[in-house]
Amino acid sequence: MTKTAHESWDNFKRIVTSRIFIGPLIAAVFMFTVINFLSMRNHYIIIDGGNVIIHTTYERDVLSALQQAGVTVSGADSISLPESESFGGGFSEIVIQRTAYITIHADGKTIRLMTRGESVSYMLERAGVNLRPSDAVEPAIGTPSYDGMEIIVTRNDTVLRYENEPIPYDEVMRENKKLGRDIENVLQEGIEGVTEHIYRLNYIDGVLVSEDYIGSRTVSEPQVRIVEYGTAGTITVGGVTYIYNRMLDVQATAYSAEGRPEARTKTGTVPRPGIIAVDPSVIPLGSKVYVEAANGKWTYGIATAEDTGGVIKGNIIDLYFETYAECWAFGRRKAVVYILDN
């Protein structure tokens with residue numbers, strides 16, 4: 001080193017070690033240290049739900065910084081870390097998304113699920129709860145879920161019930177003059193009709209809450225029952241039963257055409273036993289009759305009204321006999337005439 005260089009170095013040492021320079025030097029070093037220390041601090045904006053916390057720390061670990069800021073997180077919580085750590089005066093954002101739980105009540109079950117704020121409809125889908133148009137949900141399906149939310153699904157069902165009521169049938173009685181009295185024939189069986197009543201049953205979660213009457217309709221009309229009944233009487237002669245439609249109390253006399261082979265009845269037939277003369281206004285000619293005593297002690301039997309007579313008026317009949325002697329023996333008697341159904 002040259003003399004000039006030695007002299008310059010000695011002068012520098014004297015200046016540095018002089019009391020005039022040592023004070024400012026220490027101050028400068030202190031300020032440098034303080035500034036450098038302050039520049040090492042980290043600034044965090046912590047967003048925790050609705051809370052915003054600004055925290056300054058020398059911690060570079062985020063979890064430690066959160067703990068230092070008094071923010072507790074669980075393993076189920078979601079923490080959005082800063083994309084890059086900023087040191088020396090910058091701000092880093094930490095977003096905490098808390099884990100929340102909701103409860104679903106549906107179909108007699110209680111389901112608890114973790115949520116991150118998804119909609120009610122999404123949470124129901126996750127729980128496997130299928131909604132029908134008739135079902136009700138509270139809160140509405142578009143509502144965002146939150147911690148402690150209770151979702152209630154109400155099942156609304158409508159069922160129709162049908163009840164049948166019989167319609168009584170009518171009965172028609174028809175007179176049949178060709179049937180004996182106390183005889184009835186069923187011509188057509190009666191069949192009840194059916195009226196169908198319709199009810200609407202309203203269920204909530206399987207419980208019947210109301211029942212509404214909708215109306216009725218006729219399923220089938222009733223079929224009338226038709227019965228015929230006889231008005232004619234019956235008599236049995238020689239094992240043969242005859243039906244009569246009228247019975248008359250009469251006075252019976254007798255007549256004969258004995259010795260007059262040319263004689264003819266009013267209807268042109270040959271007089272013979274088994275024919276009677278009548279008043280046609282009472283017993284029509286051609287009528288088949290049965291004649292017997294009013295007291296039942298004698299019987300003329302089956303006869304035909306084929307003749308008339310001048311004195312046969314009203315309820316008087318003339319019975320034909322072969323001889324006049326029989327006529328005189330018969331005389332005039334009370335009789336009953338059954339007008340038979342030909």
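The values are calculated or read from the model by the stated rules, or taken from the named source; none is laboratory data. Quantities reported herein were computed from a predicted structural model and do not represent experimental measurements. Cβ placement follows ideal geometry from the backbone for every residue including glycine, while neighbour counts extend to all protein chains displayed. Accessible surface is based on the protein model in full, side chains and every heavy atom, while ligands, DNA and RNA are left aside. Shrake-Rupley method; radii C 1.70, N 1.55, O 1.52, S 1.80 Å.
Distance between the 7 Å Cα→Cβ label points at Ile45 and Glu221: 8.7 nm. Once all protein chains are placed together, Ile183 keeps about 70 Å² accessible to a 1.4 angstrom probe.
Between Tyr203 and Arg112, the C-beta separation translates, for a Förster distance of 35 Å, into a calculated FRET efficiency of about 0.85. Note on Arg132 and Glu175: the model spin-label points, each 7 Å out from Cα along the C-beta direction, lie 6.4 nm apart.
Roughly how many Å² is the accessible area per residue of segment 113-185, as a whole number, for a 1.4 Å probe? It would help to have the intermediate numbers written out before the result.
Details: 5000 Å² over 73 residues.
Per-residue accessible area for segment 113-185 comes out at 69 Å².
Over its Cα atoms, what ratio of radius of gyration to 2.2 N^0.38 Å does segment 133-232 give? The value comes to 2.25. Computed extension gain for Phe330 through Ile79, at 0.36 nm per residue and net of the alpha carbon distance, reaches 76.3 nm. The modelled label-to-label distance between Asp147 and Asp249, using points 7 Å beyond Cα along the C-beta direction, is 11.6 nm.
Taking 0.36 nm per residue of sequence separation and subtracting the Cα-Cα distance, how much length would be gained by fully extending the chain between Asp157 and Gln188, in nm to one decimal?
On the way: separation 31, 0.36 × 31 = 11.16 nm, distance 4.65 nm.
6.5 nm is the gain from fully extending Asp157 to Gln188.
Remark: segment 191-342 carries a charge dipole of roughly 880 debye about the Cα centre, counting +1 on each Lys and Arg Cβ and -1 on each Asp and Glu Cβ.
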